[in-house]
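Below is one structure, written out as structure tokens; comments come after it.
The values are calculated or read from the model by the stated rules, or taken from the named source; none is laboratory data. From a predicted model like this one, the values you see are computed outputs, not experimental measurements. Glycine gets a Cβ as well: all are built from the backbone with ideal geometry, and neighbour counts include every protein chain shown.
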Amino acid sequence: MTASEDRDQVGGLDRGPERGRGPVGGSPVVSGARPDRAVVRDALGVGVAVGLSGFAFGVTSAGAGLTLLQTCVLSLLVFTGASQFALVGALAAGGNPFTAAAGAFFLGTRNAFYGLRLSQLLALPRWVRPFAAHWVIDETTAVALAQPDQRSTRLGFTATGLTLYLLWNLTTLLGGLGAEAIGDTAAWGLDAAGPAVFLALLAPMLRTATERATAGLAVVLGLAFLPVLPAGVPVLVAALAAPLVLWFQGRRIRRGDATSETSAKRDV
Amino acid sequence: MNVWIAIGLTAAGCYLVKLAGLLVPADTLERPLVQRLAALLPVALLAALTAQQTFAVGSTLTVDARVAGVAAAALALVLRAPFLVVVGAAVAVTAVVRALGG
């Protein structure tokens with residue numbers, strides 16, 4: 001998940017990267033070579049926080065009607081939190097598998113841009129890349145980008161990836177088992193975990209008017225089309241808020257509005 | 001079966017976009033418009049998902065205990081609470097409001 005002052009507060013499987021800031025507790029990273037122990041400590045800190053939200057995923061997925069095996073396969077093979085939450089949410093709402101997967105896929109596209117930055121910093125041999133790719137997510141990017149040199153970048157990426165992968169899958173399993181044990185997840189308020197996770201991921205992204213306008217338009221589109229379009233489709237319609245806001249902004253710039261041009265450039 | 005199709009498509013799609021980032025030449029995705037669209041897409045999706053999962057029951061809109069829970073999460077975010085407190089507040093408040101008959 002994505003850069004602001006409180007990015008560090010968000011500990012879901014989709015935390016955004018922010019170069020130059022420590023991933024834990026918001027302390028700035030000291031430049032220069034870092035001891036391996038400090039890098040590993042960052043990785044473990046992120047891993048523990050995220051591992052716990054894997055529990056929320058396991059519970060949510062079970063509450064959405066997926067079997068324990070399906071829930072665990074998602075965490076093992078998809079391994080990007082927002083997409084997983086979105087997929088089980090769409091399936092629970094009765095969406096067909098294609099629209100449900102499309103929403104999850106579009107949420108996952110940001111990982112391509114993380115990979116782009118990481119491939120320059122990690123400088124991995126080509127044959128390693130298919131293996132490293134599975135771990136290219138918000139948190140590994142956040143930790144890797146915060147490191148000052150290639151050695152600690154590689155260590156940070158690997159240690160975070162390993163910690164997260166183990167904890168995320170273990171806690172998913174525990175969450176799925178826990179949900180079966182407690183029965184009606186809604187009675188425990190666990191149906192609010194999904195939207196709360198999305199909101200926590202979204203909040204640090206709302207830095208400029210452009211992002212707030214996009215979010216506002218997406219909410220309107222997502223709710224307005226919900227009663228009239230098949231399940232899973234309204235969220236894809238809401239995704240059009242992003243190109244629409246950019247298009248409106250581009251039109252204002254072409255009209256020669258110097259003020260909006262400067263503010264648009266500042267957003268990049 | 002449908003669930004397995006969705007899982008397969010999502011797993012394949014999400015893996016391939018991760019791999020694409022590591023394999024494509026750096027300048028391909030570095031056009032400013034592509035970058036800005038990529039940054040805004042998650043904003044739109046997360047906002048819509050938050051709203052839908054707060055207000056939707058199937059294909060109808062409703063106001064129930066989840067609204068109080070998500071409002072509590074929003075308050076926790078404003079107060080810069082850690083991620084787990086945010087999610088915990090949403091779950092706890094929803095459960096309490098529902099137990100009270102909300």
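I want to confirm something. Restricting to the range A:93-116 and keeping residues that are in a helix (DSSP H, G or I) and either hydroxyl-bearing (Ser, Thr, Tyr) or modelled with pLDDT under 85 (or both), which single residue is farthest from the chain's Cα centre (by Cα)? I'd like the intermediate steps shown before the answer.
Taking the range A:93-116 as the starting set, the residues that turn out to be in a helix (DSSP H, G or I) are A:97-108, A:110-116.
From what is left, the residues that are either hydroxyl-bearing (Ser, Thr, Tyr) or modelled with pLDDT under 85 (or both) are A:99, A:110, A:113-114, A:116.
Details: A:Thr99: 19, A:Arg110: 8, A:Phe113: 12, A:Tyr114: 11, A:Leu116: 16 Å.
Taking the candidates together, the pick is A:Thr99.
Residues in the range B:37-75 that are more than 7 Å from chain A (Cβ to nearest Cβ) and either touching a strand residue (DSSP E or B) at 6+ places or on another chain (Cβ under 6 Å) or in a loop (DSSP other than H, G, I, E, B) (or both): B:Thr62, B:Val63, B:Asp64. Go through the residues of the range A:225-236 one by one and say whether even a single one is buried (at least 20 other Cβ atoms within 10 Å of the Cβ) and under 20 Å from A:Ala62 (Cα atoms). Yes, the range A:225-236 contains at least one residue that is buried (at least 20 other Cβ atoms within 10 Å of the Cβ) and under 20 Å from A:Ala62 (Cα atoms). Taken over the range A:56-84, the criterion of being hydrophobic (A, V, I, L, M, F, W, C) and either more than 8 Å from chain B (Cβ to nearest Cβ) or not in a helix (DSSP H, G or I) (or both) is satisfied by A:Phe57, A:Val59, A:Ala62, A:Ala64, A:Leu66, A:Leu68, A:Leu69, A:Cys72, A:Leu76, A:Val78, A:Phe79. A:Thr67 meets the conditions (1) over 13 Å from the mean Cα position of the chain (by Cα); (2) modelled with pLDDT of 90 or more; (3) under 18 Å from B:Thr54 (Cα atoms) in every case but one. The failed one is (3).
Taking the range A:117-199 and the helices (runs of 4 or more DSSP H) fully enclosed by it, the elements with 3 or more residues that are away from chain B (no Cβ under 13 Å) and either of a type outside the set (Val, Ile, Thr) or more than 19 Å from the chain's Cα centre (by Cα) (or both) are at A:150-182. With the checklist (1) more than 9 Å from chain B (Cβ to nearest Cβ); (2) under 20 Å from B:Leu23 (Cα atoms) in hand, flag the one item A:Phe113 doesn't pass. Every condition holds for A:Phe113 apart from (1).
A search for C-beta distances below 7 Å between a residue of the range A:32-55 that is assigned by TED's automatic domain parsing to the domain that holds A:Phe85 and any residue that is aromatic (Phe, Trp, Tyr) and modelled with pLDDT of 85 or more, counting only pairs 6+ apart in sequence or on different chains, returns A:Val50/A:Trp168; A:Gly51/A:Trp168; A:Gly54/A:Trp168.
Can you find, within the range A:200-224, the residue that is farthest from the other protein chains (Cβ to nearest Cβ) among those that are β-branched (Val, Ile, Thr) and surrounded by fewer than 24 Cβ atoms within 10 Å (Cβ to Cβ)? Show your work before the answer.
Looking only at the range A:200-224, we keep the residues that are β-branched (Val, Ile, Thr), and these are A:208, A:210, A:214, A:219-220.
Next, from what is left, pick out any that are surrounded by fewer than 24 Cβ atoms within 10 Å (Cβ to Cβ): A:208, A:210, A:219-220.
On the way: A:Thr208: 10, A:Thr210: 7, A:Val219: 4, A:Val220: 9 Å.
Among residues in the range A:200-224 that are β-branched (Val, Ile, Thr) and surrounded by fewer than 24 Cβ atoms within 10 Å (Cβ to Cβ), the one farthest from the other protein chains (Cβ to nearest Cβ) is A:Thr208.
How many residues are among the small types (Gly, Ala, Ser) and more than 7 Å from every other protein chain (Cβ to nearest Cβ) if we restrict to the range B:82-101? Result for the range B:82-101: 4.
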